[in-house]
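The values are calculated or read from the model by the stated rules, or taken from the named source; none is laboratory data. Just so it is clear, the structure is predicted and the values come from calculations on it, not from any experiment. Positions of Cβ are backbone-derived with ideal geometry, glycine not excepted, and every protein chain shown enters the neighbour counts. The area values use the complete protein model at the heavy-atom level, side chains included, leaving out ligands, DNA and RNA. Shrake-Rupley method; radii C 1.70, N 1.55, O 1.52, S 1.80 Å.
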Amino acid sequence: MMAKADTIVVVGVGARTPLGFDAASSAAAVRAGISAIQDHPYMIDRFGERMKVTRDTGVDVAITGPDRAVEIAVSPALDALRPLHAARQATGVSLILSTGEARPGQAEGFAAQVYAKLRSRLAQRVVLDGGGSTAGGHAGGLLAIYHACKMLRDGKAEFCLAGGVDTYLEPETLEWLDENEQLHSEGNIYGFCPGEAAGFCLLTMLTTARAYGLQPLLEVVGASTASEENRIKTESVVLGEGLGAAFRFLFEDAPKDPVGRIICDMNGERYRGNEYGFAVIRNPGRFRDAADFETPADCWGDVGAASGPLFVTLITEAEARNYQDAPLSLIWASSENGARAAVLLGGPRRAA
């Protein structure tokens, strides 16, 4: 199949997770089923047990707040930009970044502070031109990819660096999760293990990639967003309307091939499993096997806004190492604020 001239492609990725400081080691650890979940050094949950978390052991525990998020984000952002540095021409890059949603333990204006600090660190290495930040939550990294695709299609950017960074490890945040009965433990099996990570994707049009001599890693077949009214931690019952709509918007213009690989931000909370089940029912015939989905939070913990771009790196690694057996991959994530986002990805052969 010939790629359209307006095809959007991924030309660079970067990852930093509790499993590894780059995309290759993180993806290899997830593929091997290795878990980074461990006891917190000193935080105790309501059952008197040490909290189960995942941590970036390369960042000093004394570094907190926006500075911690930036420290986690710098190396994967630079990794994603590396192919552009190898290209001959200089060009501007739009940085679109998401952090976790506003919550206890996160100062007001957290997303904007992280964005400004990261921008100043990256500006020493690349010309940054436009972009923005949002406290998007779990779906945030995928929302960044969605907005990047829109900027590229509208001709408002030549390259977009879309990413997410999140860290749940502030003591006040962990206590808040515990009070909300969201922490996973032997006494609460339907909770999650909070973590910290960052993921980035460098996106451009296929024509631009060719002009710069850049190799497409993946094709972005589609990106969609929707909103769910029946949110987690409320009395309402989720019926998958928001996520189902996000899937439907994606599939409207997608190839008819069934989705062969599914990666999502399910983290052990019952709500997310129920939501996905209903969303699948609302989109019959589009999945090779809807029950065959991957949940990397089992390995690297719940990494919030970083989830989506990190899922992209799992697929680029699979393509690069020839163990990706699906022509179409679906990645999706759900924020507590109701935001839903999904991205459909095809292999680099589609964009050849």
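Applying the criterion of at least 1 residues that are touching a Pro at 6+ places or on another chain (Cβ under 7 Å) and within 30 Å of residue 256 (Cβ to Cβ) to the strands (runs of 3 or more DSSP E) found wholly in the stretch 1-72 leaves 8-16. Scan the stretch 211-233 residue by residue and report those that are within 19 Å of residue 340 (Cα to Cα) and open to solvent by 70 Å² or more (accessible area, probe 1.4 Å). If the condition is that a residue be within 19 Å of residue 340 (Cα to Cα) and open to solvent by 70 Å² or more (accessible area, probe 1.4 Å), then 227, 229, 231, 233 are the ones that fit. Summed over the stretch 88-102, the residues that are surrounded by fewer than 19 Cβ atoms within 10 Å (Cβ to Cβ) and either at pLDDT 95 or above or not polar (S, T, N, Q) (or both) give a count of 4.
Of the residues making up the stretch 114-134, not a single one is surrounded by 23 or more Cβ atoms within 10 Å (Cβ to Cβ) and in a loop (DSSP other than H, G, I, E, B). Out of 45, 56, one residue alone is open to solvent by less than 10 Å² (accessible area, probe 1.4 Å), at negative phi and in contact with a helix residue (DSSP H, G or I) (Cβ under 6 Å, 6 or more places away or on another chain). It is 56. Can you tell me which condition residue 270 does not meet? The list is (1) buried (at least 18 other Cβ atoms within 10 Å of the Cβ); (2) of a type outside the set (Phe, Trp, Tyr); (3) under 30 Å from residue 176 (Cβ atoms), and all the others hold. The number of the failed condition is (1). Filtered by the rule that a residue be free of Cβ contacts under 8 Å to residues at least 40 places away in the same chain, touching a Phe, Trp or Tyr at 6+ places or on another chain (Cβ under 9 Å) and of a type in the set (Lys, Arg), the stretch 266-325 gives a lone residue, 286.
If the condition is being open to solvent by 10 Å² or more (accessible area, probe 1.4 Å) and either closer than 25 Å to residue 23 by Cβ or of a type outside the set (A, V, I, L, M) (or both), then the stretch 186-210 contributes 186, 187, 188, 190, 193, 205, 207, 208, 210. Is it the case that some residue within the stretch 233-247 is polar (S, T, N, Q) and within 23 Å of residue 151 (Cβ to Cβ)? Within the stretch 233-247, none of the residues are polar (S, T, N, Q) and within 23 Å of residue 151 (Cβ to Cβ). Among the residues of the stretch 168-184, those that are open to solvent by 40 Å² or more (accessible area, probe 1.4 Å) and in contact with a Pro (Cβ under 6 Å, 6 or more places away or on another chain) comprise 172, 176. When the stretch 234-246 is filtered for residues that are open to solvent by less than 40 Å² (accessible area, probe 1.4 Å) and either under 24 Å from residue 317 (Cα atoms) or assigned to a loop (DSSP other than H, G, I, E, B) (or both), the ones remaining, listed by number, are 238, 240.
Whether a residue is surrounded by 24 or more Cβ atoms within 10 Å (Cβ to Cβ), part of a helix (DSSP H, G or I) and not basic (Lys, Arg) was assessed, and residue 138 passes this test. With the condition kept exactly as written, say whether any residue in the stretch 87-104 is closer than 27 Å to residue 170 by Cα, among the β-branched types (Val, Ile, Thr) and part of a helix (DSSP H, G or I). Scanning the stretch 87-104, I find no residue that is closer than 27 Å to residue 170 by Cα, among the β-branched types (Val, Ile, Thr) and part of a helix (DSSP H, G or I), so the answer is no. Selection of the stretch 5-37 for residues being free of Cβ contacts under 8 Å to residues at least 24 places away in the same chain and open to solvent by 30 Å² or more (accessible area, probe 1.4 Å) yields 25, 32. Residues in the stretch 99-111 that are of a type in the set (Gly, Ala, Ser) and either closer than 17 Å to residue 72 by Cβ or in contact (Cβ under 8 Å) with a residue 40 or more places away in the chain (or both): 100, 105, 107, 111.
For (1) at pLDDT below 95; (2) of a type in the set (A, V, I, L, M); (3) in contact with a helix residue (DSSP H, G or I) (Cβ under 8 Å, 6 or more places away or on another chain), each residue gets a yes or a no:
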site	(1), (2), (3)
115	no, no, no
128	yes, yes, yes
141	no, no, yes
192	no, no, yes
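The residues listed here are 85, 40; of these, the one that is open to solvent by 70 Å² or more (accessible area, probe 1.4 Å), of a type outside the set (Ser, Thr, Tyr) and over 22 Å from residue 329 (Cβ atoms) is 85.
Within the span defined as the stretch 195-207, one or more residues are assigned to a helix (DSSP H, G or I), more than 15 Å from residue 80 (Cβ to Cβ), aliphatic (A, V, I, L, M) and over 20 Å from the mean Cα position of the chain (by Cα).
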